[in-house]
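Worksheet: the structure to be examined is printed underneath.
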Amino acid sequence: MEGGGCCSTSTSTKSPEKRKPRQQRQHQQQQEKPYKGIRMRKWGKWVAEIREPNKRSRIWLGSYTTPIAAARAYDTAVFYLRGPSARLNFPELIFQEDDLRDVSAASIRKKATEVGAK
């Protein structure tokens, strides 16, 4: 068969996103996600969640209108889970005035929601 036919090969139609180098994709993700532990929903809300240490489950920290509020909620939760050595988005804003003795998911969620709502 000449000129085409059923067995001709065509060029791949992969999306341009898949062809970009990994480093370039990571750079784009960092621009879209300005803080650690948060993400933006399709409709514009920012949400925060954190994985529990040594577990596969996550603690839902809530939905927020700004990325800063979501990042503050994440910072609160990660501080109570991992202590002063935690990598925070805003290390200057963590106050150690109250000691959260109960580190259950519910108490961490409650405290993070309070901080995110401020």
In the range 42-98, what GluC sites (Glu not before Pro) fall in a loop by DSSP, with at most 14 other Cβ atoms inside 10 Å? E97
How far apart, in nm, are the 7 Å Cα→Cβ label points at K118 and K45? 2.3 nm
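Every read-out reported here was derived from the displayed coordinates using simple, explicitly stated rules and does not represent laboratory data. Since we're looking at a predicted model, the values are computed, not measured. For neighbour counting, all protein chains shown are included, and Cβ atoms are generated from backbone atoms with ideal geometry for every residue, glycine included.
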